[in-house]
Amino acid sequence: MTIEYLKRGRSEADRNDDDTKVRQTVEATLKDIEDNGDKAVRALSEKFDDYSPKNFRLSQSEIDDLIAQLTPREVADIKFAQEQVRNFAQAQRDTMLDLEIETLPGVILGHKNIPVQSVGCYVPGGKFPMVASAHMSVVSAAVAGVPRIVACTPPFNGKPNPGVIAAMHFGGAHEIYVLGGIQGVGAMALGTETINPVHMLVGPGNAFVAEAKRQLFGRVGIDLFAGPTETLVIADETVDAELCATDLLGQAEHGYNSPAVMITNSRKLAEGTMAEIERILKILPTADTAGKSWEDYGEMILCDTYDEMLEAAEDLASEHVQVMTERDDWFLDKMTAYGALFLGPRTNVANGDKVIGTNHTLPTKKAGRYTGGLWVGKFLKTHSYQKITTDEAAVKIGEYGSRLCILEGFVGHAEQCNIRVRRYGGINVPYGEGAPARDADE
């Protein structure tokens, strides 16, 4: 096997050092919010966003005024994108059916899909106003039937961004707060004097937001660990270097620590792509960000075979995986660890981010090994129930249950079964013993 790194990003040790610093900052900040509530939230907003309005929650008139700042075309574009997201989310919701079956005569088992009752949707926006992130969380929660949807976003250039606020409002948010970073997710999860806490946090964010969600998990539910954007391009000579370079830098511009990685079996394409990246960085308006990400986190991996390309991709478990090869469907069939796949040169991650209809809140830092991305099902809890409707069924299940409880030494458990056997079957079971095995059961 030959897997060669033509370019590597920062070492794992360096990245772990960064994570440790983030963890410590988040821990102290969340404690401040928990101890000091609104006072801490305001101080943090002033410190990090230079923003301290009379109320962080927007009134309906403020929301209307912000939406009025958008052009009709901008409003129509937002609504078109939300229609795509809503349609796909509804199609997904329609696959999640309640269930009730009779497994034995008189034994009814079932489950119900119940919406989480309150959700906090974090929409990033300090560096770029992430209009599309509102579609992904707020619209999906609305389709799931969540009765209280709280949306939170940082100010952009010192004030609420009209596009983001419009998307939150059109998507179905019931409460909208202009709060960023740790103070935003912390306030939603922990609650303050003026913000009631939610049951679940969803949405992407920077390393501090992702770490805050990690530390808050258990106290509230979370969707997944969705930290700084990751992109992986898997390509062969069916595509050209300009296309690959454009797709890598298009995602690297998210932030200074957004991994952009390419796996290929063509040295010519690999070297050409790296040259194209340098060319494009000279003209890209966001080169300061994208260039730093490429310098510190960009990688170029050269393989001999498609099997090696697959193995390298599976090990990375990247958030966005763009496949542009002669065997795209082979990768679709074989890959198991990723956030979302984008298949073929006509497809690109930006379409998935903004408009095509799939959800762009996706697992990062190899979380794709054990979870998929945000979708309508994340807002639903599947709860089981059971019901016994006949005396005969109560006795039959009770007898088995009684003996199995005694096998484990749980006398009190067994007695829960025994009392039903005695009451509904007239069968005497001495206290502390399992029900007798009848001939029909042997």
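Based only on Cα atoms, what mean projected area does the convex hull of the chain have, in nm²?
Computed as one quarter of the Cα hull surface, the answer is 27.8 nm².
Provide, as a two-decimal number, the C-alpha radius of gyration of the range 90-193 over 2.2 N^0.38 Å, N being how many residues it has.
Values: Rg = 17.9 Å, N = 104, 2.2 N^0.38 = 12.8 Å.
Normalised Rg, Cα atoms only: 1.39.
Hey, which aspartates and glutamates would be in cross-link range of Lys159, C-alpha to C-alpha under 16 Å, not counting anything within fewer than 8 residues on its own chain?
Partners found: Glu46, Asp49, Asp50, Glu62, Asp64, Asp65.
Please report the accessible area of Asp98 (heavy atoms, 1.4 Å probe, ligands and nucleic acids excluded) in Å², nearest 10.
90 Å²
Principal axis lengths of the range 334-442 from Cα atoms, whole Å, largest first?
72, 27, 25
What are the semi-axes of the equivalent ellipsoid of the range 378-418, taken as the square roots of 5 times the eigenvalues of the Cα gyration tensor, listed largest first and rounded to whole Å?
On the way: eigenvalues 130, 53, 10 Å².
Taking √(5λ) for each eigenvalue gives 26, 16, 7 Å, largest first.
Restricting the count to DSSP beta bridges whose residues both fall in the chain, what percent are antiparallel, rounded to a multiple of 5?
Values: 20 of 53 bridges.
Taking every DSSP beta bridge within the chain, about 40 percent pair in antiparallel fashion.
Please go through the range 259-320 and write out the GluC sites (Glu not before Pro) that DSSP classes as loop and that have at most 12 other C-beta atoms within 10 Å. If you can, show how the numbers build up before the last one.
Details: sites: Glu271, Glu276, Glu278, Glu295, Glu299, Glu308, Glu311, Glu314, Glu319; in loops: Glu319.
The qualifying sites: there are none.
Within the range 333-433, report the GluC sites (Glu not before Pro) that DSSP leaves as loop and that have at most 16 other Cβ atoms within 10 Å.
Working: sites: Glu392, Glu399, Glu408, Glu415, Glu433; in loops: Glu433.
Of the GluC sites (Glu not before Pro), the ones in loops of the range 333-433 whose Cβ has at most 16 other Cβ atoms within 10 Å are Glu433.
If the reach is capped at under 16 angstrom between alpha carbons, list the aspartates and glutamates near Lys334, excluding any in the same chain fewer than eight residues apart.
Result set, ordered by chain and number: Asp307, Glu308, Glu311, Glu314, Asp315, Glu326.
Pairing the Cα long axis of helix 411-425 with the longest principal axis of the chain, what angle in degrees results, from 0 to 90 and rounded to the nearest 10?
60 degrees
Evaluate Rg over Rh across the range 239-395, taking Cα atoms for both radii and Kirkwood's formula for Rh. If you can, show how the numbers build up before the last one.
On the way: Rg = 20.4 Å, Rh = 17.4 Å.
Radius of gyration over Kirkwood radius for the range 239-395 works out to 1.17.
Taking the alpha-carbon distance from Lys112 and a cut-off under 13 Å, which aspartates and glutamates remain once sequence neighbours fewer than 8 residues away in the same chain are dropped?
Within the straight-line limit of under 13 Å, Lys112 reaches these aspartates and glutamates: Asp98, Glu100.
Between helix 12-49 and the chain, what is the angle of the helix's C-alpha long axis to the longest principal axis, kept within 0 to 90° and rounded to the nearest 10?
80 degrees
Length gain on complete extension for the stretch Arg422 to Glu237, per 0.36 nm per residue less the alpha carbon to alpha carbon distance?
On the way: separation 185, 0.36 × 185 = 66.60 nm, distance 7.54 nm.
Result: 59.1 nm gained on full extension.
Starting from the alpha-carbon convex hull of the range 25-147, give the projected area averaged over all orientations, in nm².
Averaged projected area of the range 25-147's Cα convex hull equals 12.4 nm².
If N is the number of residues in the range 395-442, what value comes out of its Cα radius of gyration divided by 2.2 N^0.38 Å? Could the numbers behind the result be given before it?
Values: Rg = 9.3 Å, N = 48, 2.2 N^0.38 = 9.6 Å.
Cα Rg divided by the expected 2.2 N^0.38 Å: 0.97.
Could you work out the longest stretch of the chain that avoids the chymotrypsin sites (Phe, Trp or Tyr not before Pro) located in DSSP loops with at most 10 other Cβ atoms within 10 Å? Can you show the working numbers first?
On the way: sites that count: Tyr370, Tyr431.
Result for the longest clean stretch: 1-369.
What is the magnitude of the charge dipole of the chain about its Cα centre, with +1 placed on the Cβ of each Lys and Arg, -1 on the Cβ of each Asp and Glu, and no other charges, expressed in debye to the nearest 20? Don't skip to the end; give the middle numbers.
On the way: 44 positive and 63 negative charges, 294 e Å.
It comes to approximately 1420 debye.
Work out how far the C-alpha atoms of the range 230-326 reach from end to end along every principal axis, then list the three figures in whole Å, largest first.
36, 24, 17
Of the chain, which part is the longest with no trypsin sites (Lys or Arg not before Pro) in a loop (DSSP not H, G, I, E, B) and with at most 10 other C-beta atoms within 10 angstrom? Each step should come with its number before you reach the end.
Details: sites that count: Lys54, Lys282, Arg346.
Longest site-free region, per DSSP loop and neighbour criteria: 55-281.
Tally Lys and Arg at +1 and Asp and Glu at -1 over the other residues with C-beta under 15 Å from the C-beta of Ala144: what net charge comes out?
Values: positive: Arg86, Arg93, Lys112, Arg148, Lys378, Lys381; negative: Asp94, Asp98, Asp223.
Local charge sum for Ala144: +3.
To one decimal place, what Kirkwood hydrodynamic radius in Å is obtained for the range 17-89 from all pairs of distinct Cα atoms?
Values: mean 1/r = 0.0627 Å⁻¹.
16.0 Å is the Kirkwood radius here.
I need the shape label for the range 166-299. Rule: rounded when a/c is under 1.5, else prolate if a/b > b/c, else oblate, with a, b, c from the alpha carbon gyration tensor.
Numbers: a/c = 2.89, a/b = 2.56, b/c = 1.13.
Note, shape of the range 166-299 comes out prolate.
The values are calculated or read from the model by the stated rules, or taken from the named source; none is laboratory data. Values in this document were obtained by computation on a predicted structure and should not be read as measured data. Using ideal geometry, Cβ is built from the backbone for each residue, glycine included, and neighbour counts are taken over all protein chains shown. Side chains included, ligands, DNA and RNA excluded: accessible areas come from the protein's heavy atoms. Shrake-Rupley method; radii C 1.70, N 1.55, O 1.52, S 1.80 Å.
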